[in-house]
Amino acid sequence: MPELPEVETVRRGLAPAMEGAEIVRLELRRGDLRFPFPLEFAASVAGRRVVSLSRRAKYLLIDLDNGMTVIAHLGMSGSFRIEADIAAVTPGDFHHPRSKNEAHDHVIFHLTRNGEQSRIVYNDPRRFGFMDIVVRSEMASHPFFRDLGPEPTGNALSAPDLAKRFAGKAQPLKSALLDQKMIAGLGNIYVCEALWRAHLSPLRASGTLVTKTGKPREKLVLLVASIREVIADAIAAGGSSLRDHIQTDGSLGYFQHSFSVYDQEGAACRTPGCGGTVGRIVQAGRSTFYCATCQK
DNA sequence: CCTTGAACCTGGGCGC
DNA sequence: TGCGCCCAGGTTCAAG
């Protein structure tokens, strides 16, 4: 499920339940997800207090009071849910349908705070997600983070900076933007949506957005603005919910109702006056949705 | 260096 | 109902 807006939504959902709480026990219900859990993972976490939750790219970061940070990546199908005792319900309760795939509850954080117990459950049917724990001061040099590009939120991402990365590249915009070294946190949905907003073809060579002297062309400035806007809009909507619930309380994000091109093959292009039709092609083994009429 | 394709997994949807 | 095939929000690694 998760690109940057979905992970940010998870972070915001978990923060009130986790920050300040003590992790009494970390329950690992199998030895691995995509990778084996690190040695001493459960022991390093047990008895620690959660200082804060943050995010870098698509990684959720759980800062502990011993100077270590738990890193969680949700892969394609990972999700967290909160189970508070006060909200404990009968299995099958209408408002809290018991997930039929409890078999995929792989990691459980058992928490306590002010005498109240709760659990944070990580579920991941496909197990493309993974968790690790690192010393916080060494995190920036960790292989997961070392090569990441700027965040598309805030001011970290700029057109001149992206121009440097794009200069001379024949790589199509679609795959360049999916590359986490270019910009951190974009995935298939938001790359398609940003390119549509900027009226740029996903097939276009990224180097064509840069002048001979290495300056961003007008189109690149527009692309950067489009990326920022689509990410901000998606976060405001609580992310996109496709096959899974993404919010920690079981509710759905609703940005999927705002898709202009993603998963919209055959639909009329929503660009005013365009009249084109949304098409689907495959690039680097992944679906790209775009309007060939207005995206050049 | 670059690009493509396969691999890692499970489940949902669709056509027959 | 059932089976087989295709597809899916990500990332990595091998091969050409």
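The values are calculated or read from the model by the stated rules, or taken from the named source; none is laboratory data. Values in this document were obtained by computation on a predicted structure and should not be read as measured data. Methodologically, a virtual Cβ is constructed for each residue, glycine included, from the backbone with ideal geometry; neighbour enumeration extends over all protein chains shown.
Before moving on, here are some points about what is shown:
- Scope region A:35-80; condition farther than 20 Å from A:I246 by Cα and within 16 Å of DNA strand C (Cβ to nearest atom); matching residues: A:F35, A:P36, A:P38
For every residue, the table says whether it meets (1) in a helix (DSSP H, G or I); (2) surrounded by fewer than 22 Cβ atoms within 10 Å (Cβ to Cβ).
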residue: A:W196; (1), (2): yes, no
residue: A:L203; (1), (2): no, yes
residue: A:L220; (1), (2): yes, no
residue: A:E229; (1), (2): yes, yes
residue: A:G250; (1), (2): no, yes
residue: A:Y262; (1), (2): no, no
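- Matching residues in region A:11-38 - criterion: being more than 21 Å from A:D65 (Cα to Cα) and surrounded by 22 or more Cβ atoms within 10 Å (Cβ to Cβ): A:L33
- Among the residues of region A:264-296, those that are within 16 Å of DNA strand B (Cβ to nearest atom), touching a residue at least 40 places away in the same chain (Cβ under 8 Å) and part of a strand (DSSP E or B) comprise A:I281, A:Q283, A:R286, A:S287, A:T288, A:Y290.
- A:M139 vs. criteria more than 28 Å from A:G279 (Cβ to Cβ) and out of contact with any Asp or Glu (no Cβ under 6 Å at 6 or more places or on another chain): yes
- Among residues of region A:173-197 that are in the same structural domain as A:Y262 (by TED's automatic domain parsing), those with a Cβ under 9 angstrom from a residue that is within 16 Å of DNA strand B (Cβ to nearest atom) and aromatic (F, W, Y), sequence gap 6+ or separate chain, pair up as A:L173/A:F166; A:K174/A:Y290; A:A176/A:F166; A:M182/A:F166; A:C192/A:Y290; A:L195/A:Y290; A:W196/A:Y290.
- Exactly one residue out of A:A198, A:A170, A:A159, A:A163 is within 14 Å of DNA strand B (Cβ to nearest atom) and more than 30 Å from A:S79 (Cα to Cα), and it is A:A170.
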